[in-house]
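**Student:** Questions regarding the structure given below will be posed in turn.
The values are calculated or read from the model by the stated rules, or taken from the named source; none is laboratory data. Since we're looking at a predicted model, the values are computed, not measured. Reconstructed Cβ throughout: ideal geometry from the backbone, glycine too, with neighbour counts over all protein chains shown.
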Amino acid sequence: MTSAINIKPATADLANLPVLEISNLAVAYRSHEGYQRVVHEVSLLVRPGEVVALVGESGSGKTTTAQAVIGLLAENGRLESGVVRLNGTDIPSWSQKQLDTIRGRKISLIPQDPTSSLNPVKTIGDQVAEVLQIHRQGGRAEIEARVIELLTRVGLSQPELRVRQYPHELSGGMRQRVLIAIAVALRPALIIADEPTSALDVTVQKRILDLIDELRREYGTAVLLVTHDLGVAADRANHIVVLKGGRIQEQGPTADVLASPRSEYTRKLLADAPSLGKTRAARARPLRIGGGDNAIVVENLVQDFPVGTRRDVFRAVDGVSFTVQRGTTHAIVGESGSGKTTTARSIVGFQKPTSGRILVDGIDVTTLRGESLRRFRKTVQLVYQNPFASLDPRQTVFQIVEEPLLNFDPLPREDRARKVHAILDRVGLPQSALARKPHALSGGQRQRVAIARALVLDPKVLVLDEAVSALDVTVQAQILALLDELQQALGLTYLFISHDLAVVRQISDTVSVLHNGRQVDSGHVEDVFLRPGSAYTRELISAIPGQLNANQH
Amino acid sequence: MTGLNTIGRSLLRDDADLLESASPKSERASSAAKWLNAGRYIQPGLVLAWFVMAVVVLWALFPQWFTSYSATVGVARQQLRPPSAEHWLGTDALGRDLLARIIYGAGNSLSGALVAVGVGLLVGTILGIVAGSARGRIDGAIMRGVDVLLSIPQLLLSLSIVILLGFGTVNAAIAVGITSIASFARLARSEVVRVRASDYVEAAFGSGGTFSRVLLRHILPNSLTSVIAFAALQLGWAILTISTLGFLGYGAPPPTPEWGLLIAEGRNYLARAWWLTTVPGVVVILVVLSANRISHSFGKART
């Protein structure tokens, strides 16, 4: 161990000297109404070599707490009270200049978004070398050798090539590895990982988390892991701190928190988190096998996109076929780039497939054009992933939900109003929301509005494109419950596009697994999950977080 | 052109609808709260800008409230007097009160600027919207035409147009307006293209909306905000350009009191009566700066 901080395996006496000690931390942000406190009396300890997870939903103050530790609060943020001790030294009183001497060296950060956290005009090598240069770690040749060594260590192939490449030439997972290389370059005593894998696909997420784990074991570094995903926390942390509204709900060893949560909120989080343990057992109505009543039939769907100026084409979807029975839910699962959204958009009629046949409610979508395509829109509706982008910011909720009605056979004003009110009740929104505009609603409420807009035309098929991925787990659970209830009541057929296998297992009856545009697995959810037919499906299933500790209790 | 006109008219009607559609009470309450909050953060520059604009607009509407002198008839034996209690800003070579000429000139300069911005806003925005929403060949044709407009130096273009149309205040304003069509068209097109790519526009098509309906309900209202902010910015630029044309003798013919013309006329007496050029120049600068400041505040309110 040559690093500045001497870390030995945790022994009894060293356990008393935590790497990080936060006590009674309070942080406030300045707004028009003055300072508003967003973190209240947060106290926690991180011991050497330990992983402590800060778990909470958006707005719970988890990121603010992490930023306060490293002195990177937003400009309008202020540390109101409390002590942050790093290796026993109180650091909030330090100037930015003093903090610079420990950032990177004793404490480092793995940021959330690998796409925006690397400088696009500098090479990978330069960016990794920067942290070494700032802290004067030897001459040019020495640093160059060290950069290659680091990139090799974080598992990048061809490190000699990578140092000369720019961020846009690397995939998301590779960029996150580069950020990790920068964070561990000086073997800090503490790494703050702020949602290090939220932007990544599930199989990549597993590899990145494994890497962090490995490095932690090797270097004895402590990790403060900020995450919204209880599954990730359960797999990786020794100690869990649950935050809500800037207050600690409970904290304790991972096994204890998961096995016997003391606070109401933790129990709710645990119940709402989708996990492999939950299946669609509540189904009263058994699936009719081989029934001819199919709402969606897709046969040999192929979709090419032109690439560049020459006649090259990129095949986004390659021979996908499946059928969906009326009143059931079919899921299309895959990682980014697997062709799942392209498939969905073809079914809704937003693009013409290169070849293949799509029947929705008996209508061949691929032959529709102009007015007949417009009429067809009554049959199938799409709900988008991001409810912040799919609602017109200038319309009120009433206008948004009413609009589809105006596009078809004219209805008197009172009838339209009555329909809008009814559908709003149906999706569980208060009538007072009618006059509001989207910016005055929460993410979950907006998604309810989007569902209401989709349902107001009484469609037969609802295509949900990652419709719950942008939501917090508790909100996600509510929306999933709502979708289930609507399906029972209205006999809807769902096509559920998702990257999240745990959610898929919970909501769908049948599933298609896509990989690079090809369908690698399909069938009933239980069959696919219990007896996956392809290696890729097996890998996907094993990458779902929340399984590592599941066997222990 | 009739097709474009109907789009333009329905464009305006739609905007009026938006303004009329009574914002619900909660919205109103929150906007009242916003105003109260804004009160705590008064920006002196913005207040000053609005004050300058208000004064100039009043000058243009009711010049007789501010001065008892005539703007066109000189007083004998009062030529080239320095500023005094009688003539606050002195008199020019024909014995006309300079303050009166500036005050009466506000009408000419402002209405000219409004006509110029109006021409640019209307024609440019319509072209941009058509190009941005039709795409394909129509887009290409319109935008290459706009590129041609952009490639000719603006002053040269407006001078040529004035020569074609004939001299006069309105013609100068139209000429200035035509030179700004290109920038309006480009801005409007880029906004329309941005809004068209958004999820809510696709969702509107997905719920069975026809092209014209989606255009009127979603694309126009969401893309016009920055065009309006740009129009406020162009107002200052138009005043400056019309003054330039007036200075070069391509604008209003003498003895019309017009700011650019005032500066041009005073130029001959720069050594003896510097205020004849300086004061109208300062007025133009103040108005242009104020227009820019106000436009900036519009742009900020949008984000």
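**Student:** Within region A:361-378, work out how many residues are closer than 30 Å to A:Gly443 by Cα and outside any loop (DSSP other than H, G, I, E, B).
**Tutor:** Of the residues in region A:361-378, 2 are closer than 30 Å to A:Gly443 by Cα and outside any loop (DSSP other than H, G, I, E, B).
**Student:** Taking region B:137-156, which residues are free of Cβ contacts under 8 Å to residues at least 40 places away in the same chain and hydrophobic (A, V, I, L, M, F, W, C)?
**Tutor:** Answer for region B:137-156, where residues must be free of Cβ contacts under 8 Å to residues at least 40 places away in the same chain and hydrophobic (A, V, I, L, M, F, W, C): B:Ile138, B:Ala141, B:Val148, B:Leu149, B:Leu150, B:Ile152, B:Leu156.
**Student:** Turning to a different aspect of this structure: Could you list all residues from region A:404-414 that are within 8 Å of chain B (Cβ to nearest Cβ) and surrounded by fewer than 23 Cβ atoms within 10 Å (Cβ to Cβ)? Don't jump to the end; show me each part of the working.
**Tutor:** Filtering region A:404-414 down to residues within 8 Å of chain B (Cβ to nearest Cβ) leaves A:404, A:406-408.
Those that are within 8 Å of chain B (Cβ to nearest Cβ) and surrounded by fewer than 23 Cβ atoms within 10 Å (Cβ to Cβ): A:Leu406, A:Asn407, A:Phe408.
**Student:** State whether one or more residues within region A:454-462 are over 30 Å from A:Phe314 (Cα atoms), within 22 Å of the chain's Cα centre (by Cα) and among the charged types (D, E, K, R). So that I can check it myself, show each step before the final result.
**Tutor:** Taking region A:454-462 and keeping what is over 30 Å from A:Phe314 (Cα atoms), we get A:454-460.
With within 22 Å of the chain's Cα centre (by Cα) added as a condition, the list becomes none.
No - not one qualifying residue is present in region A:454-462.
**Student:** A further question on this structure: Pairs under 6 Å by beta carbon, first residue over 12 Å from A:Arg453 (Cβ atoms) in region A:416-433, partner aliphatic (A, V, I, L, M), six or more apart or different chains?
**Tutor:** Close Cβ pairs (under 6 Å, with a partner that is aliphatic (A, V, I, L, M)) amount to A:Arg416/A:Leu405; A:Ala433/A:Val397.
**Student:** Take region A:189-205 and flag every residue that is over 19 Å from A:Asn516 (Cβ atoms) and touching a helix residue (DSSP H, G or I) at 6+ places or on another chain (Cβ under 6 Å).
**Tutor:** A:Ile191, A:Ile192, A:Asp194, A:Thr197
**Student:** Take region B:47-86 and flag every residue that is in a loop (DSSP other than H, G, I, E, B) and under 31 Å from the mean Cα position of the chain (by Cα). First the steps, then the outcome.
**Tutor:** Quick first cut of region B:47-86, residues in a loop (DSSP other than H, G, I, E, B) only: B:62, B:66-86.
Once the filter is applied, which keeps residues that are in a loop (DSSP other than H, G, I, E, B) and under 31 Å from the mean Cα position of the chain (by Cα), region B:47-86 yields B:Phe62, B:Phe66, B:Thr67, B:Ser68, B:Tyr69, B:Ser70, B:Ala71, B:Thr72, B:Val73.
**Student:** Can you go through A:Gln381, A:Gln395 and tell me which one is outside any helix (DSSP H, G or I), within 23 Å of A:Ala316 (Cβ to Cβ) and touching a residue at least 12 places away in the same chain (Cβ under 8 Å)?
**Tutor:** Among A:Gln381, A:Gln395, only A:Gln381 is outside any helix (DSSP H, G or I), within 23 Å of A:Ala316 (Cβ to Cβ) and touching a residue at least 12 places away in the same chain (Cβ under 8 Å).
**Student:** Picking from A:Ala417, A:Ala422, which residue would you name as being farther than 22 Å from A:Glu485 by Cα, away from every other protein chain (no Cβ under 13 Å), out of contact with any helix residue (DSSP H, G or I) (no Cβ under 6 Å at 6 or more places or on another chain) and assigned to a helix (DSSP H, G or I)?
**Tutor:** Result: A:Ala417 is the single residue among A:Ala417, A:Ala422 that is farther than 22 Å from A:Glu485 by Cα, away from every other protein chain (no Cβ under 13 Å), out of contact with any helix residue (DSSP H, G or I) (no Cβ under 6 Å at 6 or more places or on another chain) and assigned to a helix (DSSP H, G or I).
For every residue, the table says whether it meets (1) outside any helix (DSSP H, G or I); (2) among the aliphatic types (A, V, I, L, M); (3) out of contact with any Cys (no Cβ under 9 Å at 6 or more places or on another chain).
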residue	(1), (2), (3)
B:Val195	no, yes, yes
B:Tyr200	no, no, yes
B:Gly209	yes, no, yes
B:Gly246	no, no, yes
B:Gly249	yes, no, yes
B:Pro255	yes, no, yes
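**Student:** Select from region B:161-204 the residues that are within 11 Å of chain A (Cβ to nearest Cβ) and in contact with a Phe, Trp or Tyr (Cβ under 8 Å, 6 or more places away or on another chain) and list them in ascending order.
**Tutor:** B:Asp199, B:Glu202, B:Ala203
**Student:** Filter region A:360-384 down to residues that are within 30 Å of A:Thr203 (Cα to Cα) and hydrophobic (A, V, I, L, M, F, W, C) and give me whichever is nearest to the other protein chains (Cβ to nearest Cβ).
**Tutor:** The selected residue is A:Leu382.
**Student:** Name the residues in region A:167-195 that are over 24 Å from A:Glu335 (Cβ atoms) and within 26 Å of the chain's Cα centre (by Cα), would you?
**Tutor:** Those that are over 24 Å from A:Glu335 (Cβ atoms) and within 26 Å of the chain's Cα centre (by Cα): A:Ile182, A:Ala183, A:Val184, A:Leu190, A:Ile191, A:Ile192.
**Student:** Here's a follow-up. Every residue in region A:158-178 that is in contact (Cβ under 8 Å) with a residue 40 or more places away in the chain, under 20 Å from A:Leu109 (Cα atoms) and among the charged types (D, E, K, R), please.
**Tutor:** Answer for region A:158-178, where residues must be in contact (Cβ under 8 Å) with a residue 40 or more places away in the chain, under 20 Å from A:Leu109 (Cα atoms) and among the charged types (D, E, K, R): just A:Arg175.
**Student:** Hey, among B:Ala271, B:Ala264, which residue is touching a Phe, Trp or Tyr at 6+ places or on another chain (Cβ under 6 Å), on the phi < 0 side of the Ramachandran plot and surrounded by fewer than 21 Cβ atoms within 10 Å (Cβ to Cβ)? Let's see the steps before the verdict.
**Tutor:** Details: B:Ala271 fails: touching a Phe, Trp or Tyr at 6+ places or on another chain (Cβ under 6 Å).
Just one listed residue meets the conditions, B:Ala264.
**Student:** Another question, then. Quick check: anything in region A:385-401 in contact with a strand residue (DSSP E or B) (Cβ under 6 Å, 6 or more places away or on another chain) and within 12 Å of another protein chain (Cβ to nearest Cβ)?
**Tutor:** Taking region A:385-401 and keeping what is in contact with a strand residue (DSSP E or B) (Cβ under 6 Å, 6 or more places away or on another chain), we get A:385.
Those still in the list that are within 12 Å of another protein chain (Cβ to nearest Cβ) too: A:385.
For region A:385-401, residues in contact with a strand residue (DSSP E or B) (Cβ under 6 Å, 6 or more places away or on another chain) and within 12 Å of another protein chain (Cβ to nearest Cβ): present.
**Student:** When region A:343-359 is examined, which residues are found to be closer than 16 Å to A:Ser498 by Cα and more than 14 Å from chain B (Cβ to nearest Cβ)?
**Tutor:** Matches in region A:343-359: A:Thr343 only.
**Student:** Looking for something within 30 Å of A:Leu530 (Cβ to Cβ) and at pLDDT 90 or above - is there at least one such residue anywhere in region A:276-283?
**Tutor:** The answer is no; no qualifying residue exists.
**Student:** Which of the numbered conditions does A:Ile400 fail, given that it passes all the others? Conditions: (1) among the hydrophobic types (A, V, I, L, M, F, W, C); (2) surrounded by fewer than 19 Cβ atoms within 10 Å (Cβ to Cβ); (3) in a helix (DSSP H, G or I).
**Tutor:** It fails just one condition, (2).
**Student:** What about B:Ile263, is it more than 14 Å from every other protein chain (Cβ to nearest Cβ), free of Cβ contacts under 8 Å to residues at least 40 places away in the same chain and under 30 Å from B:Pro83 (Cα atoms)? Can you show your working first?
**Tutor:** Working: more than 14 Å from every other protein chain (Cβ to nearest Cβ): yes; free of Cβ contacts under 8 Å to residues at least 40 places away in the same chain: yes; under 30 Å from B:Pro83 (Cα atoms): yes.
So B:Ile263 fits the description; yes.
**Student:** Looking at region B:205-214, is at least one residue surrounded by fewer than 19 Cβ atoms within 10 Å (Cβ to Cβ), more than 30 Å from A:Phe376 (Cα to Cα), within 14 Å of chain A (Cβ to nearest Cβ) and β-branched (Val, Ile, Thr)?
**Tutor:** No, every residue in region B:205-214 fails to be surrounded by fewer than 19 Cβ atoms within 10 Å (Cβ to Cβ), more than 30 Å from A:Phe376 (Cα to Cα), within 14 Å of chain A (Cβ to nearest Cβ) and β-branched (Val, Ile, Thr).
**Student:** Exactly one condition in (1) of a type in the set (Lys, Arg); (2) closer than 13 Å to A:Leu482 by Cβ; (3) within 11 Å of chain B (Cβ to nearest Cβ) is not met by A:Arg448; state its number.
**Tutor:** Going through (1) of a type in the set (Lys, Arg); (2) closer than 13 Å to A:Leu482 by Cβ; (3) within 11 Å of chain B (Cβ to nearest Cβ) one by one, A:Arg448 breaks only (3).
Yes or no, residue by residue, for (1) surrounded by fewer than 21 Cβ atoms within 10 Å (Cβ to Cβ); (2) out of contact with any helix residue (DSSP H, G or I) (no Cβ under 9 Å at 6 or more places or on another chain); (3) at pLDDT 90 or above:
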residue	(1), (2), (3)
A:Arg47	yes, no, no
A:Asn76	yes, yes, no
A:Arg85	yes, yes, no
A:Ser95	yes, yes, no
A:Thr115	yes, no, no
A:Ala129	no, no, yes
